Amino acid sequence: MTKKVLLSPLDPVHDIGLKMIKRGLNEAGLETKLLPPDTPAEEIIRICMEGSFDTLLLSRTLGYGVAELLARFVDLADAAGLRDNVRIGIGGMAVRPEIAAELGFDAGFGPGTTVEEAVAFVEGREYSPQENEIKKEKVDIASPYTYHYKNQKIGSLLEKITMQIIAWAANKTSPGVERAKLRENDWDYQAFLKKEDDSKFYKHYAQLCDQIPKDFYLKGVMHPKTRELSKDELISLNTYISNMQKQMKVKKLQHTKKLPIVWNQYGTGCPFMDIAHVKASEGWGADGVVHFDPSWGARTEGFLNGNLTHQEDGTVITPNNLYRIHRMLEKSTLWQVRAHRGLNTAETVVLAGKIGADLTKINICYGSLAAGTDPARLTIDAFHAIKYAAKYKMPFDVVTNEELTGVPAYKAFAGMLIVADLAVRLGAKPILQPLFAFSPEVMVSGQMDDNYIDFNAAKIYALRSIVDAPIWPGAPIGFLTQTEDRVQSSLSTALHALLATSLGVDAISIASADEAYSGGPISIPSKIDTLRGVEESFRFLGLAGIKPTEKAQIWQEQMVIGIENVLSQIAEQGDFVQSLYDGVLGSKEEGAFPGRAGYNTVREE
Amino acid sequence: MAVILGIAGTAKNTGKTTTTKAIMDQVQQDKNRLLGLTSIGYDGEDMDNITGLPKPKIEVWPGALVAVAERSLEVSSAQIQLLEKTDIATPLGKIILGKVIKSGTLLIAGPNKSKELRRILPLLQHYGANFIIVDGALNRIAPMVEVNSLILATGAAKTSNLTDLAWETKHLVEILQYPVFPKTENMVNVDSILDIQAAQRLTAILLNNQGVVINGVISSQGLEYLIQAGEELKGKMLILPDAIKLLVCGEVRHIYNLLTRLKNFGLEIGVKKEVRVTALTVNPYYPQFRFSSNDYQAAYVDQGLLYESITNSVNIPVFDIVEEGGHKLYEVIVEKEIY
């Protein structure tokens, strides 16, 4: 039999919420009747009883004295015998299950109540707010892609280049590669969890490290900017984690479209603040979090060990620190541990893989042209890192941050495509990461004089015309458009997100509103600023789109020609590593300088 | 037979939880008693949902039996062994019956309507409880028809004007003590009187019969209509299921005035079932709203004056639990128990 629902706004005026619920109930095939606002309690109860309704839904904004008024209604309904057969729900701002229980209702519906929730209640299915909590699952953005080349010319150039890299790498190694091998073969995560003795491993490991880690392992000397957490700190940290987890609810930012997923970074150096940052990101809807490690970590051979706190920005990579972060993540949160630019690239991938990261980050060109690592060294380390990423089934993004020094997009893209092609050949799943940025190239050449849309769109069009691969603009989107003004920063991020969703990319990384100018760890309110802004931009655009001008098409074509020319040059030269030193993928004039860290550490086996 | 004690408040913050805790302390010390605890609302939170002021927490001990909503266990530190899961649904999940196996705090959200409380009380007894406390909720009282002994908590939180409070309390107790008319065989039965048409029918029936039993409630509007019949009501009888049905229809003072006028015309008003008010507790505390900071602060009326004015207004024992503890109150409850 069709259930009959009586809806009655107790508010003097507002009945919009109930009207929306009524529409939903009708669509679900239920019979409804909506009473005018401000119908007296006795009248509502009489109509409900005489009309043989099954359910009564009331709405009322809670305010001063309203709780007593609602309790009185419930009492009257109970005494009149209405509650023997009719279930009563209350909806409105500030209504929570606890308040509904105290007031005596069968259910309470707060802001954000779905029609499904109301229908479930009316149909007498179990009312369980957990059911209506957002169900989130990890999204594998790489899996739908084939990595087939649509631009055959570029495809065959890349094949030539990467076969040369594979041949070059065949008989080479480095301290970083050796540490990764040791970590892969002799370090067991389960043994670590059981706190088994690992002194033998670290004695051997120390021999492959720089002085600072060596002193740490052999003499017990701490890195000057770190210290071990005390026992009390660890206890309160664990309490903090479990308390946070109890009250966690995840949220979705996407509206009609499922993509792009949204990434946020953490890495304050402080284990406590990291938890707050990660939980804020999750609570306000980020789909994934990126581990930021200290910049000295990329320039130091070897990792430290233990529960380390860092007095500056960046959370130190140690097994304990990664374990702690992994443990506190919600099940639906994607976790990326960056390995991309330094002397620990390969080992980072091994550690991240063993501890359970979902993604990593590997590149060669940015790290060796703009982040200080020797090109040969990073090539061999990244080569092995990619193989480990394939083994641990971690997709990774290939950044093009060398654009920020002044390398033009087409050159950065050529470098990115080489790494991506190499990755596919080694069985890994690379994700292309073009910048959405107000880069030096466009500042000088004027591609963004009119708008921020055309040139960013051209990048996506260009990459899509070359290869069928996932695209994740970053990192963060809107780089160099943000200022110290939080409103401006949030809006700029949200608008770039709008462009990203319009272009149908797979993921975006967003900054907090104070990231560009924080001068230290970013703050949680400004993290929430941009998450809220991006959510609103998705809501705003839905399935509609942004239309770039014809410039986007022109720049796309120019970019593809530029990429082809760079790749031809490298293929012709037949030495990828040498071309990095020679500036083919970014010259000194363009602000790209081959790095020195790890220079002369590559040796033949 | 088990004591089934309800603790109802006349308003928020009149000291329901304090009274509940004080009686629980006594039950714990009484070797002949096994506690069964439930609530018609939600109690035990750290802070008041509305005023944001701290609240007393309820603590339970091993052996005690509870009937609470599933999700209230998530925020309780006491460990509860599940005895039975009922199909009674609340906003916080299904009601479960459980036995405390490790002491701790307990958030009690229970069956919040009469019909469900009626099912839960025998279950608590089935598992051995012989002293059941039904913790109240806000100013709600309707489900308390199911208890066999009622404690009313009142105090400055209802109104800090002690004269008003004394009058109100007096009238409240008087209504709850309306006489029991057990013989209603010859009377006409009608449903709840909720509008003018029903009140018209009621008046007509009453004038043509000796008496009427209302199987539900009569609204204050209905009472007002009845008054128009004046002297014609003399000698007639108006019976309600219980006195609580009279209280839920409006402000105590208004209802009392209407009922008194009807009685003055000679209408006899009574109930089928007694709701036994065993004692009153008074609480000088009230949350005072501060306009300057838009929040509440704790405030108190004079404890002695409060106690005296309430004691002088009613014919049942009055206790200030904070001042004197729950010992004497417990004695009164146990002494008045009907076997």
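The values are calculated or read from the model by the stated rules, or taken from the named source; none is laboratory data. Here the structure is a predicted model, which means the values were calculated and not measured. FYI the Cβ positions are ideal-geometry reconstructions off the backbone, even for glycines, and counts take in every protein chain you see.
Summary table
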item	result
Yes/no for A:V262 being under 25 Å from A:R532 (Cβ atoms), assigned to a strand (DSSP E or B) and of a type in the set (V, I, T)	yes
Every residue from segment A:566-583 that is in contact (Cβ under 8 Å) with a residue 60 or more places away in the chain and more than 30 Å from A:D210 (Cα to Cα)	A:V566, A:L567, A:S568, A:I570, A:A571, A:G574
Residues that are on the phi > 0 side of the Ramachandran plot and in a helix (DSSP H, G or I), drawn from segment B:229-238	B:G230
Matching residues in segment A:569-605 - criterion: being outside any helix (DSSP H, G or I) and farther than 19 Å from A:A371 by Cβ	A:G574, A:D575, A:R603, A:E604, A:E605
Some residue of segment A:180-192 being surrounded by 13 or more Cβ atoms within 10 Å (Cβ to Cβ), of a type in the set (A, V, I, L, M) and closer than 30 Å to A:F540 by Cβ	no
Within segment B:191-228, tally of residues that are within 14 Å of chain A (Cβ to nearest Cβ), in a loop (DSSP other than H, G, I, E, B) and of a type outside the set (A, V, I, L, M)	6
From the options A:I44, A:I88, residue that is within 45 Å of the chain's Cα centre (by Cα), at pLDDT 90 or above and among the hydrophobic types (A, V, I, L, M, F, W, C)	A:I88
Which listed residue, of A:A107, A:A80, is surrounded by 24 or more Cβ atoms within 10 Å (Cβ to Cβ), hydrophobic (A, V, I, L, M, F, W, C), facing chain B (nearest Cβ under 9 Å) and more than 16 Å from A:T61 (Cα to Cα)	A:A80
Filter result for the condition that a residue is part of a helix (DSSP H, G or I), within 14 Å of chain B (Cβ to nearest Cβ) and surrounded by fewer than 17 Cβ atoms within 10 Å (Cβ to Cβ), over A:E42, A:E98, A:E68, A:E102	A:E68
Residues that are within 14 Å of chain A (Cβ to nearest Cβ) and part of a loop (DSSP other than H, G, I, E, B), drawn from segment B:30-57	B:I40, B:G41, B:G44, B:E45, B:D46, B:D48, B:N49, B:I50, B:T51, B:G52, B:K55
Top-ranked residue in segment B:56-100 [being touching a Gly at 6+ places or on another chain (Cβ under 9 Å) and among the basic types (K, R); ranked as surrounded by the most Cβ atoms within 10 Å (Cβ to Cβ)]	B:R71
Some residue of segment B:100-112 being in a strand (DSSP E or B) and touching a helix residue (DSSP H, G or I) at 6+ places or on another chain (Cβ under 9 Å)	yes
Segment B:123-143 residues that are within 14 Å of another protein chain (Cβ to nearest Cβ) and closer than 24 Å to A:V66 by Cα, paired with ones that are part of a loop (DSSP other than H, G, I, E, B) and of a type outside the set (A, V, I, L, M, F, W, C) (beta carbon under 6 Å, 6 or more apart)	B:A137/B:G41; B:L138/B:K12; B:R140/A:G104; B:P143/B:K113
Qualifying residue in segment B:190-198 (condition: surrounded by 20 or more Cβ atoms within 10 Å (Cβ to Cβ), over 30 Å from B:Q125 (Cα atoms) and not assigned by TED's automatic domain parsing to the domain that holds B:L258)	no
Qualifying residue in segment B:174-182 (condition: assigned to a helix (DSSP H, G or I), within 18 Å of B:I316 (Cα to Cα) and within 14 Å of chain A (Cβ to nearest Cβ))	yes
Hits in segment A:482-509 - residues which are over 17 Å from the mean Cα position of the chain (by Cα), not in a helix (DSSP H, G or I) and not polar (S, T, N, Q)	A:E484, A:D485
Qualifying residues in segment A:116-138 (those that are modelled with pLDDT under 80 and in a helix (DSSP H, G or I)) - the one nearest to A:Q247 (Cα to Cα)	A:Q130
Any chance B:T19 is within 14 Å of chain A (Cβ to nearest Cβ) and within 14 Å of the chain's Cα centre (by Cα)	no
Answer from A:D198, A:D215, A:D232 - the residue that is crowded, with 16+ Cβ neighbours inside 10 Å and without any contact (Cβ under 8 Å) to a residue 12 or more places away in the chain	A:D198
First in segment B:55-68 and assigned by TED's automatic domain parsing to the domain that holds B:A89 and modelled with pLDDT of 95 or more, second anywhere and among the charged types (D, E, K, R) and surrounded by fewer than 16 Cβ atoms within 10 Å (Cβ to Cβ), Cβ under 8 Å, 6 or more apart	B:P62/B:K102
All positions within segment A:16-47 that are basic (K, R) and in contact with a helix residue (DSSP H, G or I) (Cβ under 7 Å, 6 or more places away or on another chain)	none
Unmet criterion (only one of (1) surrounded by fewer than 20 Cβ atoms within 10 Å (Cβ to Cβ); (2) part of a loop (DSSP other than H, G, I, E, B); (3) facing chain A (nearest Cβ under 10 Å)) for B:P241	(2)
Qualifying position, being outside any loop (DSSP other than H, G, I, E, B), surrounded by 15 or more Cβ atoms within 10 Å (Cβ to Cβ) and in the same structural domain as B:K55 (by TED's automatic domain parsing), among B:L258, B:L306	B:L306
